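Below is one structure, written out as structure tokens, with a few remarks after it.
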Amino acid sequence: MAKKKSNMIYDHDKWLKPYKDVIDRRHKMILDLKDRFSVDGSLSKGINNHVYYGLHRDDKGNWVFREFAPNANKIYLIGDFNNWNWTEYPMLRYGDGCWVLFLEGDNALWEGCKVKTIVDANFTRTEHIPLYARRVVQDVDTTAWCAEVVDDRKEFDWTDEGFEGEKSLYIYEAHVGMAQEHGHVGTYREFADYTLPRIKEAGYNTVQLMAIMEHPYYGSFGYQVSSFFAASSWFGKPEDLKYLVNKAHEMGIRVLLDVVHSHAVKNTAEGINMFDGTEYQFFHSGDKGDHPAWGTKCFDYGKTEVIHFLLSNLKFWMTEYHFDGFRFDGVTSMLYHDHGLGTDFNSNDKYFSYNTHVEAITYLQLANELIRQVNPKAITIAEDMSGMPGMCLPIEDGGIGFNYRLGMGLPDMWVKTVKERKDEFWDIFGMWCSMCMRRPGEDTVAYVESHDQALVGDKTMIFRLADAAMYTDMHRDCHNDTIDRAIALHKMIRLYTIAGGGEAYLNFMGNEFGHPEWIDFPREGNGWSFHYCRRQWSLPDNTDLKYQYLNAFDKDMIAVTKAADMFQQKMGDLRYSDPYRQVIVFYRKGLLFAFNFSPSNSYTDVKVSIPNYADYEVAFTTDDWKYGGWGQINHGTYPVQIDENGASSVSLYLPARTAMVLREGEIKQFPQKEEVKEEASVQEKPVKKATKKTSPRKKKLDK
């Protein structure tokens, strides 16, 4: 068999040639590490900590409990089963940092029995949650956390064998606890029964779930993880999460876990910090182990035990809960010793310097390799704002192995544009350049806003556009410049981003219909209120309000781009750009996207070159009645025109502050030269050309 031709990242990105030696050294490191962690050539076979450690049943029904604590002097298991006697059940040192305890009898422990681990280390006795606990709960009276026994012999009735999600990703980012309208913590089952159908109806095919890994502080949004193998008890029991994932798969919806391996909560009683009496069991010692911005602990990715722990964590979530992949949080923080804080990544030197955390890179490569071995169809997404080269290229090519990276510059671009520029001075071509700023061969998830922009202290896009008028002027019969502008631009911005910004699309729940309020988790500062920690689904359901228009537009936007399989064309093809008039038109996979961002100027006969000899038909426009527009554009056919040089074009009518999407018709045989000249000489207007439609200023609901 012929040897595969090298396609290392510097072979197709000439700007990386000077760093060939560094990239090759990294590549050798990952190959060596993969061999070291593999069994019989399989990385997945060598990663099974979650099967060995923790609390399990043996073949005879007895209980076996194992902990990893290499620096502990003694360890005990306590709980309901022994009236919380601290020293009655000591564990035996088993070697290599492993401790073991055997409990005979089927009734020695039981499902829901509360337990803790007691550790003697450094002449101190401390309480901890077992490292591999699968369920952790908080006592209502004492607020203390402890583990509950989960019988791992109990099987869930999965019905998702052979599930495969759709090829293109339309991601619905969601938080289970705040996904309901009532003022309390939502549950896994409520999300499955009430929220998943909305997601399916909206056309999204992938759910990205936040805050699933257990976290003691609800207001951390799930990003300060304490128990890595426990599905958060805030939202229900483990079987309830399995119910959610299984039901999503029945609907054809892929489920991704927002995984936090970039840091961990510093708590010792609830978390893994200082478990065996040392900070270096999992984390770096000293200042290097403390994240200066987040107040959390930083993993030491150079330690074999840490890699086993984290890789087993990934395999656990895929095998136990059937997650279809992961969005890795805080990747930038992992990649650099200074966590990327204050660093301007304006040259490739910044990616290949002493500041780069090579051990973290090799961990991420191992993680992606393992994930693909467990499920070849799994999806991984990197939250990296630094633009590290090769993030989404195959490991065998010197890449890190992710499928996608988040287009984190796009929300920043939109915020800056809306906040700092008047509408008539928007830099249309600069916006296009931001859409195209992607690494060669690497796929990007485009988005206008995620949960970050929805938190207290920031603003969602609709609130930046409409501000306080959202509270008073969203009735469908109310019209003023502020709301009309906000609704028009909200649709245009989202369409521009999905069509031009990447090879996948993400939306945070509620933003599709312009949710009017920020997210504020219950805390002392707001009187522990849930008022802003919910989603008001009744708003788009109310036919008297304008939220229905934004909701309908988002649904059709997803449907049209999905039907065209738009993301299979990696980049939009720019066909027309006039920064002075604020008009831009581009083509992507059979769709023509035309935007006029001018707040006051409408244009007729905008001649746009097209790639094929075909007519175009309007699929939808931001100005359609059903989306809260004025219906100024007929849904007719725009016939292809041809000039004497044989160039194809269509002429468009673009009202102010609108966008339209046109479908390419059947590609026709190109006329002969004589026919071209004859056709070009015809001056009469095409019969089917769309014309301007006079629209009343009084809004009518399109029924």
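The values are calculated or read from the model by the stated rules, or taken from the named source; none is laboratory data. Model, not experiment: these values are computed from the prediction. Backbone-built Cβ (ideal geometry, glycine too); neighbour counts: all protein chains shown. Ligands, DNA and RNA are excluded from the accessible area calculation, which covers all protein heavy atoms including side chains. Shrake-Rupley method; radii C 1.70, N 1.55, O 1.52, S 1.80 Å.
Tabulated data for the structure shown
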quantity	calculated
Answer residue from the stretch 440-470, given it is among the small types (Gly, Ala, Ser) and in a helix (DSSP H, G or I) and is surrounded by the fewest Cβ atoms within 10 Å (Cβ to Cβ) among those	ALA468
Selection within the stretch 630-660 - crowded, with 18+ Cβ neighbours inside 10 Å and of a type in the set (D, E, K, R)	ARG657
Test: ALA293 is under 15 Å from SER227 (Cβ atoms), open to solvent by 40 Å² or more (accessible area, probe 1.4 Å) and touching a His at 6+ places or on another chain (Cβ under 8 Å)	no
Among residues of the stretch 128-151, those that are charged (D, E, K, R), open to solvent by 60 Å² or more (accessible area, probe 1.4 Å) and touching a strand residue (DSSP E or B) at 6+ places or on another chain (Cβ under 6 Å), counted	0
Those residues of the stretch 152-194 which are open to solvent by 70 Å² or more (accessible area, probe 1.4 Å) and closer than 30 Å to ASP520 by Cβ, in sequence order	HIS184, ARG189, TYR194
One residue from ILE381, ILE361 being open to solvent by less than 20 Å² (accessible area, probe 1.4 Å) and in a helix (DSSP H, G or I)	ILE361
Residue in the stretch 507-525 that is farther than 30 Å from GLY631 by Cβ, outside any loop (DSSP other than H, G, I, E, B) and without any contact (Cβ under 8 Å) to a residue 12 or more places away in the chain present	yes
Matching residues, the stretch 493-542, being among the hydrophobic types (A, V, I, L, M, F, W, C) and over 22 Å from the mean Cα position of the chain (by Cα)	TRP528, PHE530, LEU539
The stretch 183-225, residues that are in a loop (DSSP other than H, G, I, E, B), touching a Lys or Arg at 6+ places or on another chain (Cβ under 7 Å) and within 21 Å of GLN536 (Cβ to Cβ)	GLY183, GLY203
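Each row is one residue, and each column tells you yes or no for (1) in a helix (DSSP H, G or I); (2) in contact with a helix residue (DSSP H, G or I) (Cβ under 8 Å, 6 or more places away or on another chain); (3) touching a residue at least 40 places away in the same chain (Cβ under 8 Å).
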{"site": "ALA108", "(1), (2), (3)": "no, yes, yes"}
{"site": "ARG125", "(1), (2), (3)": "no, no, no"}
{"site": "TYR132", "(1), (2), (3)": "no, yes, yes"}
{"site": "PHE156", "(1), (2), (3)": "no, yes, yes"}
{"site": "THR159", "(1), (2), (3)": "no, yes, yes"}
{"site": "ILE171", "(1), (2), (3)": "no, no, yes"}
{"site": "ALA174", "(1), (2), (3)": "no, yes, yes"}
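The rows are residues; the columns are (1) touching a helix residue (DSSP H, G or I) at 6+ places or on another chain (Cβ under 7 Å); (2) of a type outside the set (Val, Ile, Thr); (3) open to solvent by 20 Å² or more (accessible area, probe 1.4 Å); (4) over 22 Å from GLN138 (Cβ atoms).
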site: PRO216; (1), (2), (3), (4): no, yes, yes, no
site: GLN224; (1), (2), (3), (4): no, yes, yes, no
site: ALA231; (1), (2), (3), (4): yes, yes, no, no
site: PHE235; (1), (2), (3), (4): yes, yes, no, no
site: PRO238; (1), (2), (3), (4): no, yes, no, no
site: VAL245; (1), (2), (3), (4): yes, no, no, yes
site: ALA248; (1), (2), (3), (4): yes, yes, no, yes
site: ILE253; (1), (2), (3), (4): yes, no, no, yes
